[in-house]
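Read through the structure below, which is laid out as structure tokens, and then see the notes.
None of the figures in this text is laboratory data; all of them are computed from the coordinates on show. If you're wondering where the values come from, they're calculated on a predicted model, not measured in any experiment. With ideal geometry, Cβ positions are generated from the backbone for all residues, glycine too; neighbour counts draw on all protein chains shown.
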2 protein chains.
Amino acid sequence: MNRALCRKCFIDNILERVESEIKKYNLIKPNECVLLAISGGKDSFTLLDVMAKIHNPNKLIALTLIEGIEGYNRADVLEFMKSKTRELGIDHIVLTLKEAVGATVDEFVKNMMLRNIRIPPCTYCGIARRRAINKVAREQNADKVATAHVLDDEAQTYVMNILRGDITRLVQVHPRGPWLSKLFVRKVKPLRKIYERETALYAYFHGYKFQERECPYIIHIPTLRARIRDYLYRLELEKPGSLLNLVESLDEALNEYVKKYYELPELPRCKICGEPTSYNREICKFCELLMSVGLIK
Amino acid sequence: MNRALCRKCFIDNILERVESEIKKYNLIKPNECVLLAISGGKDSFTLLDVMAKIHNPNKLIALTLIEGIEGYNRADVLEFMKSKTRELGIDHIVLTLKEAVGATVDEFVKNMMLRNIRIPPCTYCGIARRRAINKVAREQNADKVATAHVLDDEAQTYVMNILRGDITRLVQVHPRGPWLSKLFVRKVKPLRKIYERETALYAYFHGYKFQERECPYIIHIPTLRARIRDYLYRLELEKPGSLLNLVESLDEALNEYVKKYYELPELPRCKICGEPTSYNREICKFCELLMSVGLIK
């Protein structure tokens, strides 16, 4: 950080830091099969390229989910990602949310409108994607799911859970955090020590030229995460390295504490779909959402 | 929290919660002599009254420091606090910063102005007060120094140190945090689980009628702490109990981790005054400040 590096040294530095994070917390073992969840943004492009360089490509599977949102299909990005996975020799699964879990985001929104209820489409999109990723990971017998969360995301999530006093979620941010169900394929975040500005540069250096496009459903209200994000960006600007400091400090402070949560019981199962759900629930959030808009009875 | 209590139950509830916090972390043992650092604000009034009710008053000594700032002498508050300590049968030491450590805040500022340098007066005031409190505590053979920091302060300090990634300071917020020098009398914060709004009500119920007055040296710039304070107030407003949650979560998460810091070596001594100073210093911040304005050579 805060050093001027030439292109080659910059790239080597990113690869080294990802490898060192994987090793430090034993995120992925050399022979494990990893499902890479790649949306097509610069973070996920970086995840794909980095993982292909530090892990056996035959043990990698890429997954892209298509939300099914009119006016937001990003076909050019998808073609680019497909040519990239071909070039890297990595199997690439492309599925719509309808194929994966039964309903696109647009279908969800349409049904919601008909019933005159209001649920943020992001709620469905997030939950449906998580469900779909886990389903595909199980079908493919993947040992791990790798997501493209970067340092900025990690810092935000840590601070958010601290401010909420949500300690069960706080410990789950930690790379040694508890894993609450055998039915969930364990998720890892190889880029968690890499800044977003670094993935942007890394992706650019590797021919990624797309601008971030905004989902038409995006709601510009200052959520807790948005406010924390703004705050953390200012802090990083004033004192570069602050976010890395923050994440590393909390990683260290929680390193032993997380083990206390290993004793948590297996999550209960949803009475409708049989998938794991939260401790206080009988029906999972996904089925609840589908029921509320009449997509399941 | 969030319950409507009658006056008596409200007061009993505060006393119980302070006692339970003291017991939980063994902050003060029954036979220990405690120096109460009381500025005269509602928080310190509450500290004084609560401690007199739950600890042997013969084992309590009150200390009020007078900053020596023209137009900010608060003689009425001081008289009120003196009558209160008399009523409670508690010895009350009143000292100016000049008597305690050699220079008032005004003297410091005057000398600074003459040399045309700029140091926030709060920097001197804070460091001089800390020095003075510790000096008096040692002279009085106090076992502990109790300060009137409340839950709001604790939450801010926790978040501030996390955002700074300052883990050595983070662990020192914890009631089981490391203590870095035998020359420092251990500080405890009996009100650390009590909200500021509760001390205001507690003080009011006990005849405290003063408004907070603003120090003429106060600088209204958005410091990190001020921004965190604003943010946390909003959060508490949206979801009452958030600050308590935050402090309790971090207390729990750090409870074992803090012990790692017990192995830190004794702090080095200042080459001028012989008092403890930070690991990376030869001359303590207090002597450095006095030297920089020519108050010591």
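Looking at chain B, the DSSP beta bridges with both ends there are about 5 percent antiparallel.
Here the spin labels are modelled as points 7 Å beyond Cα on the Cα-Cβ line, and at B:Lys209 and B:Tyr279 they lie 5.2 nm apart. Each residue, A:Asn111 and A:Phe184, gets one label point 7 Å from its Cα in the Cβ direction; the gap between the two is 2.4 nm.
Annotation: Cα Rg of the stretch B:139-232 relative to the compact-globule expectation 2.2 N^0.38 Å equals 1.27.
Label-point spacing at B:Lys297 relative to the other copies reads 9.8 nm, in ascending order, each point sitting 7 Å out from Cα along Cα→Cβ.
Measuring between their Cα centroids, the stretch B:239-297 and the stretch B:137-200 lie 10 Å from each other. Considering only Cα-Cα distances, which of the following residue pairs are longer than 28 Å: A:Lys59/A:Lys182; A:Lys29/A:Lys82; B:Lys135/B:Lys209; B:Lys84/B:Lys182? The pairs that break the limit, which is 28 Å between Cα atoms, are B:Lys135/B:Lys209; B:Lys84/B:Lys182. Pairwise Cα distances in the stretch B:1-69 exceed 14 Å for 65 percent of all pairs. With the label put 7 angstrom out from Cα along the Cα-to-Cβ vector, A:Tyr233 ends up 2.6 nm from the copy partners, going from closest to farthest. Between the beta carbons of A:Lys23 and B:Ala75, assuming R0 = 60 Å, the FRET efficiency works out to 0.40 to the nearest 0.05.
Sort the protein assembly as shown into rounded, prolate or oblate with this rule: let a ≥ b ≥ c be the square roots of the eigenvalues of the Cα gyration tensor; rounded if a/c is under 1.5, and if a/c is not under 1.5, prolate when a/b is larger than b/c, oblate otherwise. Prolate, because a/c is 1.5 or more and a/b exceeds b/c. Working note: 222 nm ellipticity from helices only, DSSP H runs with n ≥ 4, each -39,500 (n - 2.57), summed and divided by the residues of chain A, gives -15500 deg cm²/dmol to the nearest 500. Taking 37 °C and 0.692 mPa s as conditions, the stretch A:7-292 diffuses translationally at an estimated 163 µm²/s according to Stokes-Einstein applied to its Kirkwood radius (Cα pairs).
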